[in-house]
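Below is one structure, written out as structure tokens; comments come after it.
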Ligand code: BGC
């Protein structure tokens, strides 16, 4: 059995969510203003060493962002977004932001029913979920699995075999091996989506360095791995990015949610865009007039447009990273890199003889040894308290000689790195708020950095309020949104496909010949791609050993998907879930 499970019983959780709850589960922090001031203005207090103080501050100063720099980051981001959405290929190619069409145009309307699977791959764990939506209630069962190192660096088929193994082990455990449930697949890497159920990997990011993958359709890779096993049947009806899943989950929690963000190992954002602003849109501009755009905002700066905020520490982190020269914005603050940024600063301070007796320790000098969770731990120590900080010092093997003033400096470094992170995140949120131009916006956030950093939520929100003071903005934690959101997308796809089928039945009298109906769909590159991808996928499934040919049910799902995301003109009301959900899209 490949890989190992992570304490299965503890990870298996049952979460009850109400469908369309009236209010969001806001992140709860209520900070007294004086404390907020200390968060916003980290201070280094070393009364006996004014000179040293000055030297330290000079080194760390490059991490501070001036108001002008923040404004420039904002205007740069907006410009790159516009280029990324442009009709003109040259302009699009000049942007560092792919601004990908996700093919998700409808959010949940509360009428979804059934059992759905989700597969969520993004970090060194992956999850399989069963989400049951019945009678207006939603329950989810999930199991986490490890992605061992050899799978991060091996071939893509080895990785996908491992994912298929996880799905099979989950289905076995839940007694679902004989079923063929619709599944949403959250794949948290840059994808060029060809349809809701197919997407080509652009490149690996974060800690993944498989020997192949870019250019391949990840749903096909998954289907092939499942077929190789031959012991399970899963109908992957949707592939999505984790931000899209989080947007879906966020909209479920709060109907003002139109933006989602991942602040975890990696970083990215997604938002509901009006079709009129998606110049590169090739399909019909029909209802609903919105589409979720996966920005891949972690790539901001990959074309050099944000070099003006890059510090020597960021350059060093990039050099050490798996994918040099890419995901520039993500590397400034996401969970995989933020600790390393702090370590680079600490190394410089040590080498200049300003902390840790100028000697440090082999641990400190080991790349990636300063985990981002250490920043969260240190930031949790109150003023003048060094309890967690000392625990971190023990991890770095410097606890025997670290001085109290070193502790102050280390804490100060972590505060400055955190403050820069919060400022950049807030700048991005402010741009998105301005862009969608609503008076009230909720941002759904998922990811370990956001969940565990004790100050990030407050710092981000405070800065957003300063940057866009006239908009009511809320950040909510859409916990496990990336996983549940995949099941929600599968649920919406299934609902809409059923509705489309019924509509066809009504208009044509019968549905004897499904292929005939699919020919009637508006011809578009999307519909064609779906057809060809599906055919390939099907032949693989049927050929696989020990696997029965597709059931009628499976055929029904594949065909219906086209209708789902290319709705028939004669059935405009089918796809009005956005409107039902009460999401006002500004029509320009
Ligand atoms: C990936 C994105 C993903 C983000 C958060 C980035 O490295 O490129 O696709 O959404 O991490 O997981």
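Work out, step by step, the length gained on full extension between residue 132 and residue 351: first 0.36 nm times the residue separation, then minus their alpha carbon distance; give nm to one decimal.
Values: separation 219, 0.36 × 219 = 78.84 nm, distance 5.60 nm.
Full extension of this stretch gives 73.2 nm more.
In Å, what is the Rg of the alpha-carbon atoms in segment 312-440, and how long is Dmax?
16.2, 55
Counting other beta carbons within 10 Å of each Cβ, put 192, 226 in order, fewest first. It would help to have the intermediate numbers written out before the result.
Working: 192 14, 226 27.
Lowest to highest Cβ neighbour count: 192, 226.
So for segment 83-192, averaging the separation of alpha carbon pairs under 8 Å that are six or more residues apart and normalising by length, what relative contact order in percent results? Show your work: numbers first, answer last.
Working: 131 pairs, mean separation 27.8, N = 110.
It rounds to 25 percent for segment 83-192.
For segment 32-166, just the Cα set please: Rg and Dmax, both in angstrom.
When restricted to Cα atoms, segment 32-166 yields Rg and Dmax of 24.6, 68 Å.
With a Förster radius of 25 Å, plug the Cβ-Cβ distance of residue 276 and residue 470 into 1/(1 + (r/R0)^6) and report the FRET value to the nearest 0.05. Don't skip to the end; give the middle numbers.
Values: r = 24 Å, r/R0 = 0.94.
Rounded to the nearest 0.05, the efficiency is 0.60.
Quick one: Cα centre-to-centre distance for segment 318-349 and segment 383-449, in angstrom?
A separation of 14 Å, based on Cα centres.
With the contact rule set at Cα under 8 Å and sequence spacing of 6 or more, what percent relative contact order holds for segment 326-438? Let's see the in-between values first.
Details: 105 pairs, mean separation 30.1, N = 113.
Reported as a whole number, the value is 27 percent.
What is the fewest-to-most order of 109, 286, 506 by other Cβ atoms lying within 10 Å of their Cβ?
Working: 109 18, 286 15, 506 9.
Least crowded to most crowded, the residues run 506, 286, 109.
Taking 0.36 nm per intervening residue step and subtracting the Cα-Cα distance, what contour gain separates residue 153 from residue 69 on full extension? Present the calculation step by step, with values, prior to reporting the outcome.
Details: separation 84, 0.36 × 84 = 30.24 nm, distance 3.78 nm.
Gain on stretching residue 153 to residue 69: 26.5 nm.
Any chance you could list P(r) for segment 175-231, counting all Cα-Cα pairs in 5 angstrom bins from zero, rounded to whole %?
Over segment 175-231, the share of Cα pairs per 5 Å bin runs 4, 16, 25, 23, 16, 10, 6, 0 percent.
Using alpha-carbon positions, what is the distance between the centroids of segment 95-145 and segment 208-257, in Å?
Distance between centres, Cα-based: 9 Å.
Within a 10 angstrom radius of the beta carbon, how do 271, 141, 412 rank from fewest other beta carbons to most?
Working: 271 25, 141 16, 412 21.
With the sparsest Cβ surroundings first, the list reads 141, 412, 271.
Where a number appears in this text, it was derived from the coordinates with a stated rule and is not lab data. None of these values were measured; they are calculated from a predicted model. Positions of Cβ are generated from backbone atoms using ideal geometry, with glycine treated the same way; all protein chains shown enter the neighbour counts.
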